[in-house]
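Asks: My questions will all concern the structure given below.
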Amino acid sequence: MKRDEAIQKLRTLIGGRNLHDLAAEYGVSVSGPSGKVNKGWAGHVFERHLGLPLNSSRSPNFGSWELKSVPLKRNKNGNLSIKETIAVTMIDPHNVCETDFQDSHLLAKLRKLVIVARIVGNTAKDPTVVHSVVKFNLQGELYTAVEKDYNEIRETIENRGFNALTGKMGVYIQPRTKGPGHGSVSRAFYARKQFLAKFIKL
């Protein structure tokens, strides 16, 4: 399925049914036997909506695009905000040092992303509905800003080493640890909330 076709089909969900109802219809479990929430359940619902069989792949490959889900929450005044950052791709220090931004894995991934933003409640059991479906279009000042973040990360690896990377870096893209436990040495490029807000109109 082409990206634009998938976006159009996903947009039919905007402001529609509670995704919990769709999960039940599609056979997607929101929580496991222990009662713990399956974090990726909403993404599985979107995959089923697009016709992808359940459990066909841990990380479905749509070819020219990739699907991500972003939760939105309402504050006390009823205004929406982006609840969390998203991991874009893992950081391979050797590859980053050898690759300019325009040829980077980070840029290639950003250009593939399709983001489904959904409004969530205080708990995973609360109703949740699709707010919007967007794709990234990096150009102009935003492209330059993300390139600057990438180059800061690249120069830090080159001059101070991979372990010097910290989540405090980057205006729009930050390098953060990824993996179980606080002792993880793996790091990934994360899209900050203010970056996502450039595309998700709240």
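The values are calculated or read from the model by the stated rules, or taken from the named source; none is laboratory data. The model shown is predicted, which means the values in this text are computed figures rather than measured ones. Using ideal geometry, Cβ is built from the backbone for each residue, glycine included, and neighbour counts are taken over all protein chains shown. The protein model used for the area step is the full one, side chains on, heavy atoms only, and it has no ligands, DNA or RNA in it. Shrake-Rupley method; radii C 1.70, N 1.55, O 1.52, S 1.80 Å.
Asks: Looking at Glu5, Glu84, Glu25, Glu47 in this structure, which one is closer than 30 Å to Asn151 by Cβ and either modelled with pLDDT of 95 or more or of a type in the set (D, E, K, R) (or both)? Walk me through it before giving the result.
Replies: On the way: Glu5 fails: closer than 30 Å to Asn151 by Cβ; Glu25 fails: closer than 30 Å to Asn151 by Cβ; Glu47 fails: closer than 30 Å to Asn151 by Cβ.
Only one candidate passes the filter, namely Glu84.
Asks: If you don't mind, another one. Please find, within segment 150-165, the residue that is nearest to Asp21 (Cα to Cα) out of those that are open to solvent by less than 30 Å² (accessible area, probe 1.4 Å) and assigned to a helix (DSSP H, G or I). Lay out the reasoning, then the answer.
Replies: The initial filter retains those residues of segment 150-165 that are open to solvent by less than 30 Å² (accessible area, probe 1.4 Å), namely 150, 153, 156-157, 161, 164-165.
Okay, now just the ones that are also assigned to a helix (DSSP H, G or I), so 150, 153, 156-157, 164.
On the way: Tyr150: 41, Ile153: 42, Thr156: 47, Ile157: 46, Ala164: 45 Å.
Per the stated criteria, the residue is Tyr150.
Asks: Something else: If you go through segment 12-43 one residue at a time, how many are assigned to a loop (DSSP other than H, G, I, E, B), out of contact with any strand residue (DSSP E or B) (no Cβ under 9 Å at 6 or more places or on another chain) and open to solvent by less than 60 Å² (accessible area, probe 1.4 Å)?
Replies: The qualifying residues number 4.
Asks: For segment 91-109, enumerate the residues that are aliphatic (A, V, I, L, M) and modelled with pLDDT of 95 or more. It would help to see each step written out before you state the result.
Replies: Restricting attention to segment 91-109, the residues satisfying the condition of being aliphatic (A, V, I, L, M) are 91, 96, 106-108.
Ile91, Val96, Leu106, Leu107, listed by residue number.
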